[in-house]
């Protein structure tokens with residue numbers, strides 16, 4: 001009886017170690033490069049009495065995006081999403097009266113489905129931290145925006161494995177990105193850029 005139990009335990013341990021060795025061969029690090037279409041919501045709240053019919057406009061555009069992922073397990077990963085600062089034009093009465101820049105890194109926590117072969121869908125939720133620069137560049141310095149903003153970010157996407165290391169990627173994110181507008185140090189309104197991003201690219205798992 002004792003021998004059978006010991007043998008069964010040894011088999012189970014060997015299977016566990018073998019499974020761990022197989023998983024260990026797959027690196028936890030992954031990098032992706034995407035072409036991303038950023039569609040800004042340009043929501044305006046509370047009215048902005050800056051001397052005319054005010055519209056805050058961030059032009060929708062294609063931008064490059066790079067992200068770095070770390071897999072804690074085969075299903076759970078974290079992803080850092082990076083790009084370069086985006087220009088947001090400020091218009092008053094239909095004419096441009098300044099511009100600011102927004103740098104919007106996001107940190108996501110993801111769940112990856114890995115039981116569908118080469119097709120590997122995922123969903124993520126995380127936090128966006130946007131840093132605003134040149135923020136006093138509105139109406140020759142008469143108006144400004146906050147230094148930064150925090151907001152939730154939501155994500156759906158999938159990787160399609162081409163080889164052991166390379167994959168195609170499609171990704172959609174919605175990011176809450178809002179900031180207050182101030183005149184003379186007093187809040188006069190807020191704007192919500194709130195972009196939806198549509199990305200396609202490639203990934204490489206080391």
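The values are calculated or read from the model by the stated rules, or taken from the named source; none is laboratory data. Just so you know, these numbers come straight off a predicted model, no measurement behind them. Neighbour counts run over all protein chains shown; Cβ positions are idealised from the backbone, glycine included.
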Is there a residue in region 66-81 that is modelled with pLDDT under 95 and under 24 Å from residue 152 (Cβ atoms)? no
What is the one condition in (1) surrounded by 15 or more Cβ atoms within 10 Å (Cβ to Cβ); (2) within 17 Å of the chain's Cα centre (by Cα) that residue 131 does not satisfy? (1)
Wholly inside region 54-141, strands (runs of 3 or more DSSP E) that include 1 or more residues that are closer than 23 Å to residue 200 by Cα, touching a strand residue (DSSP E or B) at 6+ places or on another chain (Cβ under 8 Å) and without any contact (Cβ under 8 Å) to a residue 40 or more places away in the chain are 61-71, 76-82, 86-92, 95-103, 106-112, 119-133
